[in-house]
1. Only one of these conditions is not met by N125: (1) touching a strand residue (DSSP E or B) at 6+ places or on another chain (Cβ under 8 Å); (2) within 16 Å of K19 (Cα to Cα); (3) surrounded by fewer than 19 Cβ atoms within 10 Å (Cβ to Cβ); (4) not aliphatic (A, V, I, L, M). Which number is it?
2. Which one of L58, L13, L31 is buried (at least 18 other Cβ atoms within 10 Å of the Cβ), touching a strand residue (DSSP E or B) at 6+ places or on another chain (Cβ under 7 Å) and either farther than 20 Å from E96 by Cα or modelled with pLDDT under 95 (or both)?
3. At least 2 residues that are more than 14 Å from F35 (Cα to Cα) and in contact (Cβ under 8 Å) with a residue 12 or more places away in the chain in each: list the helices (runs of 4 or more DSSP H) lying fully within the range 58-150 that qualify.
4. For I51, work out the one condition from (1) in a helix (DSSP H, G or I); (2) hydrophobic (A, V, I, L, M, F, W, C); (3) over 15 Å from Q145 (Cβ atoms) it doesn't fulfil.
5. For the list (1) hydrophobic (A, V, I, L, M, F, W, C); (2) modelled with pLDDT under 95; (3) exposed (fewer than 15 other Cβ atoms within 10 Å of the Cβ); (4) out of contact with any helix residue (DSSP H, G or I) (no Cβ under 9 Å at 6 or more places or on another chain), I need the number of the one condition that M1 fails.
6. Just one of the numbered conditions (1) out of contact with any Asp or Glu (no Cβ under 9 Å at 6 or more places or on another chain); (2) over 22 Å from S139 (Cα atoms); (3) of a type in the set (S, T, N, Q) is not true of T45; which one?
7. All but one of (1) under 17 Å from I8 (Cα atoms); (2) at pLDDT below 95; (3) among the hydrophobic types (A, V, I, L, M, F, W, C) hold for V66, so report the exception by its number.
8. Which residue is surrounded by the most Cβ atoms within 10 Å (Cβ to Cβ), if the candidates are limited to the range 34-49 and must be under 13 Å from the mean Cα position of the chain (by Cα) and either over 22 Å from C130 (Cβ atoms) or free of Cβ contacts under 8 Å to residues at least 24 places away in the same chain (or both)?
Amino acid sequence: MLKIGDKIPDFELQNQDGKPVKSSKLFGKKLVIFFYPKANTPTCTVEACNINDNISKLKKAGFQIVGISADSVKKQKSFHEKFSFKYDLLSDENHEVIEKFGVWQEKNTFGKTYMGIVRTTFLFNENGICTGVISDVKSKIASEQILQTI
C-alpha cells in the first residue's frame, strides 16, 4: 500500500462525465483521494455524502477531492448525479490505479473470502507527495478524519 512519503502514482482515469483526469494535473493543491468499494451502496454513500456535506471546510483547508472505485463511468455518473457531488468520481474498472495504490486486497465478510477495494483515504501535498493515509475510515466522519490530519 502507498505510504507517507511516496509520490502519487502516474495515472489517467475517466471521471463521471467520461472526461480524462491525469494525476499530474492534480498537482498544485493539496489532494484527497478516497477509494471506496462500490457506488450507491449504504456505507459508500454515507462516506461520499459526508465528504460532500463538508466540502466547503475541506476546500477552505486547501484540499481538492477525488473519489475512485472500480465502478463504470455510467455507474459513477448515476451516483454523482443522485447526490449532487461537488467533486469528481473516477472509474477504474481495470483496477490499474486501485492496485498501484495497494487497496485491492483480500477481504473477508461473513466468512467469505474475496478480493476487493479496502476503503482507504490518501492525502497528498501540492507536489504529489503522500502526507497521510487513513486506513481505518469511518464513513460517518470521513471528512473529520481528513481535517484531523492537517
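1. Result: N125 fails condition (2) only.
2. Working: L13 fails: either farther than 20 Å from E96 by Cα or modelled with pLDDT under 95 (or both); L31 fails: either farther than 20 Å from E96 by Cα or modelled with pLDDT under 95 (or both).
Criteria check complete, one pass: L58.
3. Numbers: elements: 73-83, 96-101, 142-148.
Passing ranges, in order: 73-83, 142-148.
4. (3)
5. Condition not satisfied by M1: (4).
6. Only one criterion in (1) out of contact with any Asp or Glu (no Cβ under 9 Å at 6 or more places or on another chain); (2) over 22 Å from S139 (Cα atoms); (3) of a type in the set (S, T, N, Q) is unmet by T45, namely (2).
7. Of everything listed in (1) under 17 Å from I8 (Cα atoms); (2) at pLDDT below 95; (3) among the hydrophobic types (A, V, I, L, M, F, W, C), V66 misses just condition (2).
8. A39
The values are calculated or read from the model by the stated rules, or taken from the named source; none is laboratory data. Bear in mind that the values here come from a model prediction, so they are computed numbers and not experimental data. A quick note on method: Cβ atoms are made from the backbone with ideal geometry, for glycine too, and the neighbour counts reach across all protein chains shown.
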